[in-house]
Amino acid sequence: MPSPVTTSTPIGQHGVIGDLNTLALVTPDGRIDFLCHPDIDSPTLFASLLDPEKGGEFRFWATAEGMGRRQIYLPDTNILLSRFLGEDGIGEVSDFMPLDGSGRIVRRAKAVMGPVSFALRLDPRPEYASIRPTLTRTDDGARIDWSRDGGAAQTLYLHTSVPLRIEDGALVGEVTLREGETAYAVLCPAREGWDSAGADYVRTAFRATRAYWHAWVARGRYPTFSRELVVRSALTLKLLTSARHGSIAAAATFGLPEVVGGERNWDYRFCWVRDSAFTLYALSRLNYYDEAEAFTHFLMERVELSDGDRSGLQIMYGMDGRSELTETELPQFSGYRGSRPVRVGNGAFDQRQMDIFGEFMDAFYIATRARGKPGYAVWAKLSGLIDWLCANWHLPDRGIWESRGDDKEYLSSRLMCWVAIDRAIRIAIRESMPADLALWHGQRDTIQKTIVEEFWNPKVGAFTQFKGGDTLDAVVLLMPLVRFINPRDPMWVSTLKAVRETLVHDCLVRRYINGPDNHDGLEGEEGFFTICSFWYVEALARTGFVAEARLLFEKLHAYANHLGLYAEELSTDGQHLGNFPQGLTHLSLISAAIWLDRALTADPADPAHPGFRMIEDPDGIF
């Protein structure tokens, strides 16, 4: 039995499985090296990604030396296949989490061309690796027991056809399979009413899980352009949703660095209003609306209307709706490749970020157009938020990027305040809902005027990051996407060129560049923010530079991992940085692909056809 790894697997070399409660990261060598249990924002059970020595893992793999390793998804599902390719045999491990509410992880090894020898190693380290559980062998596997703070007993069962022994505090075993034979390992929470998991359960659960994902994908409407990449992004976004609560996580992980070895290591396992709204917008454009209804109910249960300078809506919540997300550090973890501190919780939870209203109202507007008039109780709260926004849109805040520096009047916030009021007006008129339309119209138009007059810098030739500033922010790329400005307006075309000259490097885009007047309060230079790269592609397509947008989209596609997944950021050498998989990246990919599809399939005789133009062609490609 080989020793555990001593170096974290690169962030981008993972697949992901989930059951709409939590997600697990799986490496090509069959290792689950990150899992929070039982929910996505619960403490970790396995976290060797953050500490190879102490984090814990669940590995099931073919043991022959020199075997090649590949990973694929069963098409149109979240069932992951890790393949082991050798001259004398081919092995395969199928991983999935059933959607039956059991909380189980099902792993099945198969000798595709055999014989093939497999090994299993289960080393659980619950409660953020603060506990070594008690392991006990059973007739069909093993039992894992520990107690949380306060004495609450926790139990897991491992049901497996692999003979087990306890070795160095871990469960280990080996089995050799002849061609066509299978072996299984099912990790099960101890829950009443559930039978033990044997070979029949594995087969039945596999078929049910495959059928669920096939049915979900079949409900969608996908663009012809890059369909497979869009489907994978949609499936990834769906995994980040909570079936129980209706909330949507920003990412599956915490503590993965934006700068390897640096301090930009955050916990993204929570429900951001902004990220969730962007997700709903992307899913709605693919014909998925149930998620929007579930999230709206989740959010409206937490809105408390206010007359002060706080709206009564937080920027983020726990997946179960809790409002306190105190940020703490976990010194027991060495960190991904030495990146410390490893944080859980998020200190930005009580920040004021005025942009969240715009993102949510934009998504709600799209859903309303598809599903019709909103409920009166929901509209009462939303219209109350808009009334509050009309009185407070000018307040400085921390901006869309959650700066840990000083409050400012950010373009992102002002723009999204305009979006919020504009979409509320559209809903009220379209659905004949009660509203103070005179107030709303007046404040929307005032916000538009302040953006044009106070955020436009003629010396820079662009709309700038904050009021009166001279620095750029990639969030300006949203201006034509949210229909604030005509993409052919000379002010916009000038802004787009300024963004290209300042923030764009090939197909990679930075959010902003730290300077004396706009420092985000953190050390180190982050990677390229992938959502901004896809925003740039969409902005190019909308502006008419379709050829360039298409080329850059294909370049960004080349940065995807082997399964079409993305983290939060990218480095120039192709490393994935930050938490993984990141919802923002995948939703922006969907939006960019849809617009490219429209541009490439539009009728050239249509006056609105964008044509094929280039800003310039410095590399002589065209």
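Between Asp506 and Arg165, the contour length at 0.36 nm per residue exceeds the alpha carbon distance by 117.5 nm.
The modelled label-to-label distance for the pair Asp200/Glu174, using points 7 Å beyond Cα in the direction of Cβ, is 3.3 nm. Taking all protein chains as they are arranged and a probe of 1.4 Å, the heavy atoms of Thr585 leave approximately 0 Å² accessible to solvent.
Helix 490-502 axis versus longest C-alpha principal axis of the chain: approximately 40°, rounded to the nearest ten. Between the helical axis of 273-285 and the longest alpha-carbon principal axis of the chain there is an angle of about 90 degrees. Computed over the stretch 22-134, the convex hull of the alpha-carbon atoms projects to a mean area of 7.8 nm². Note on the stretch 301-353: the C-alpha convex hull projects to 4.8 nm² when averaged across all orientations.
Extension gain for Asp445-Ile513 works out to 21.4 nm (0.36 nm per residue, less the C-alpha to C-alpha distance). The Rg/Rh ratio of the stretch 377-502, with Rg taken over Cα atoms and Rh as the Kirkwood radius over Cα pairs, comes to 1.00.
Highest-first packing order for the peptide set 372-381, 412-421, 243-252 is 412-421, 243-252, 372-381, based on the mean count of other beta carbon atoms within 10 Å. The modelled label-to-label distance between Asp100 and Ala208, using points 7 Å beyond Cα along the C-beta direction, is 0.3 nm.
Non-local lysine pairs in the chain, meaning eight or more places apart or on different chains, with alpha-carbon distances under 29 Å, amount to 18. Here the label points at Ala602 and Thr138, each 7 Å from Cα along the C-beta direction, are separated by 6.0 nm in the simple model. Name all residues of the stretch 581-596 having a backbone nitrogen under 16 Å from the label point set 7 Å from the Cα of Val482 along its Cα→Cβ direction, giving them as ranges. Inside the label zone: 588. Compute the Cα gyration tensor for the chain, then decide on rounded, prolate or oblate, letting a ≥ b ≥ c be the square roots of its eigenvalues: rounded whenever a/c is under 1.5, prolate when a/b is larger than b/c in the other cases, and oblate in all that remain. It is prolate, given that a/c is not under 1.5 and a/b is the larger ratio. Can you tell me the orientation of helix 546-559 relative to the chain, as the angle in degrees between its alpha-carbon axis and the longest Cα principal axis, to the nearest 10? Approximately 30 degrees, to the nearest 10. For the stretch 198-312, give the percent of accessible area contributed by carbon and sulfur heavy atoms, probe 1.4 Å, rounded to a whole number. Of the solvent-accessible surface of the stretch 198-312, carbon and sulfur hold 49 percent.
The values are calculated or read from the model by the stated rules, or taken from the named source; none is laboratory data. The model shown is predicted, which means the values in this text are computed figures rather than measured ones. All Cβ positions, glycine included, derive from the backbone under ideal geometry; neighbour counts span all protein chains shown. For accessibility, only protein heavy atoms count, side chains too; no ligands or nucleic acids. Shrake-Rupley method; radii C 1.70, N 1.55, O 1.52, S 1.80 Å.
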